[in-house]
Amino acid sequence: MTAMRPEVFIVDDDDSVRAAVARLLTSAGHAVRTFGSAEEFLSSECAQGRGCLVLDIRLPELDGMALQERLNAAGAPFPVIFLTGLGDVPTSVRAMKSGALDFLPKPVRDDVLLQAVDAALAVEARACARRVEELHLAERYHALTPREREVLGLVLQGRLNRQIAREIGLSEKTVKVHRGRLMAKMGVRTVAQLVRLAARMGLVSEATTREPDAPAPPGLGTVPGRTSSRPTLAIATAAPVERSARAGRPQ
């Protein structure tokens, strides 16, 4: 699918309901596509597109709940608004736990449905923005050299430049060069910003610990005696780079 504009996908086996909902949403300025079954939606390019679902919970063969679960499992969690004429409390609870944004009874008031669709598209827009940002973060991270990733891992552990230099066999000046380059590539100016980016990429986890006497890593100030968030390395950022035969020589 090449269209970047989010659409509203209506999946309902009742022709009259599909047509009425489509007319309402089109009149409100939304781009709309309609489907008579879950299978028809899944076989279309829309299943890889952007938008939200207005979904009948009672569908032939694959029902609305099963469609939602299949999309979630495939990593395409569209915001879902369920419409149903036969809803019950357990079903609505299950739908909401699976990530549905709303569960509306048929017939639904026009203003209620329009508000629900606006809210779903706002959720989708935020999720899309997060995905784009995560992609850009990954591109920045993969632009780092192996040595810069090694230095990054040690910075995230709270090591000072002199400590990093001793550990990887370089001069402190060379470590500063690598550190400056990696921070420029990551688009940050402080260690605190670097830690936040690393946490969003899954490189560190924010483990809350009480360490009254332990110094905070650079850029992550703490007050003695108070609980503080300390970055904990979650995964190896790079395989160790072979030490330079001569300290001070950039690698």
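The values are calculated or read from the model by the stated rules, or taken from the named source; none is laboratory data. Since this is a predicted model, take the numbers as computed values, not measurements. Please note: Cβ atoms are built from the backbone with ideal geometry, for glycine as well, and neighbour counts cover all protein chains shown.
Conditions (1) at pLDDT below 95; (2) outside any helix (DSSP H, G or I); (3) surrounded by 14 or more Cβ atoms within 10 Å (Cβ to Cβ), marked per residue:
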residue: V108; (1), (2), (3): yes, yes, yes
residue: D111; (1), (2), (3): no, no, no
residue: Q115; (1), (2), (3): no, no, no
residue: E124; (1), (2), (3): yes, no, yes
residue: R131; (1), (2), (3): yes, no, no
residue: H136; (1), (2), (3): yes, no, no
residue: T174; (1), (2), (3): no, no, yes
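Only one of the numbered conditions (1) surrounded by fewer than 14 Cβ atoms within 10 Å (Cβ to Cβ); (2) under 30 Å from K185 (Cα atoms) is violated by V89, and that is (2).
Contact list please: Cβ distance under 8 Å, first residue in region 6-29 and assigned to a strand (DSSP E or B), second residue among the basic types (K, R), pairs at least six apart or on different chains. So the pair list comes out as E7/R33; E7/R50; V8/R33; F9/R33; I10/R18; I10/R33. Exactly one residue out of G99, G51 is buried (at least 19 other Cβ atoms within 10 Å of the Cβ), at positive phi and not aromatic (F, W, Y): that is G51. Tell me, which residue of region 72-95 that is closer than 14 Å to L53 by Cα and at pLDDT 80 or above is farthest from the chain's Cα centre (by Cα)? The residue in question is T84.
Filter region 28-41 for residues that are of a type in the set (A, V, I, L, M) and surrounded by fewer than 17 Cβ atoms within 10 Å (Cβ to Cβ); which is farthest from the chain's Cα centre (by Cα)?
A28
Among the residues that make up region 139-152, is at least one of them in a loop (DSSP other than H, G, I, E, B) and surrounded by fewer than 14 Cβ atoms within 10 Å (Cβ to Cβ)? Yes, region 139-152 contains at least one residue that is in a loop (DSSP other than H, G, I, E, B) and surrounded by fewer than 14 Cβ atoms within 10 Å (Cβ to Cβ). For region 39-75, a residue qualifies if it is in a helix (DSSP H, G or I), closer than 18 Å to T91 by Cα and touching a strand residue (DSSP E or B) at 6+ places or on another chain (Cβ under 6 Å), and the qualifying residues are G64, Q68.
Just one of the numbered conditions (1) touching a residue at least 24 places away in the same chain (Cβ under 8 Å); (2) out of contact with any strand residue (DSSP E or B) (no Cβ under 8 Å at 6 or more places or on another chain); (3) not in a helix (DSSP H, G or I) is not true of G158: (2).
All conditions in (1) surrounded by fewer than 16 Cβ atoms within 10 Å (Cβ to Cβ); (2) within 16 Å of A120 (Cα to Cα) hold for L83, with the sole exception of (1).
Would you say E167 is touching a helix residue (DSSP H, G or I) at 6+ places or on another chain (Cβ under 7 Å) and either closer than 30 Å to A22 by Cα or not aliphatic (A, V, I, L, M) (or both)?
The answer is yes for E167.
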